[in-house]
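Below: the structure, in structure tokens.
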Amino acid sequence: MPQPDHPDIVLGAIAPGVEKMNIPQNSVWKTRLVVGGFPDRSFDIEFWQEQGDEAIFAAAWEMVELAEEVRNGRKPTLQRTVTTLKRI
């Protein structure tokens, strides 16, 4: 099998530092083909509504982690500073 010229792409194996996706055997793939223009959002809305709240939150958190790693080279942390306590 011919290998691509890019060092991070290795066919048939995972490149160093790249995690392998765990795709369940019973997963259902949903695709679309867009020709001649920018697609509307109906496909995306339908897709994410089918996924449910937990999947949406997990995907959003994954993007937060990725952005923090790209910007600062680390996983995000929660700010734990308390400046004032007030009884209600």
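Assorted remarks:
- Test: residue in the range 1-10 that is surrounded by 10 or more Cβ atoms within 10 Å (Cβ to Cβ), part of a loop (DSSP other than H, G, I, E, B), hydrophobic (A, V, I, L, M, F, W, C) and at pLDDT below 90: yes
- Residues in the range 43-88 that are touching a helix residue (DSSP H, G or I) at 6+ places or on another chain (Cβ under 9 Å) and over 22 Å from SER27 (Cβ atoms): ARG74, LYS75, PRO76, THR77.
- Within the range 57-88, being surrounded by 11 or more Cβ atoms within 10 Å (Cβ to Cβ) and outside any helix (DSSP H, G or I) holds for one residue alone: PRO76.
The values are calculated or read from the model by the stated rules, or taken from the named source; none is laboratory data. What you see is a predicted model; the values in this text were computed from it and never measured. Using ideal geometry, Cβ is built from the backbone for each residue, glycine included, and neighbour counts are taken over all protein chains shown.
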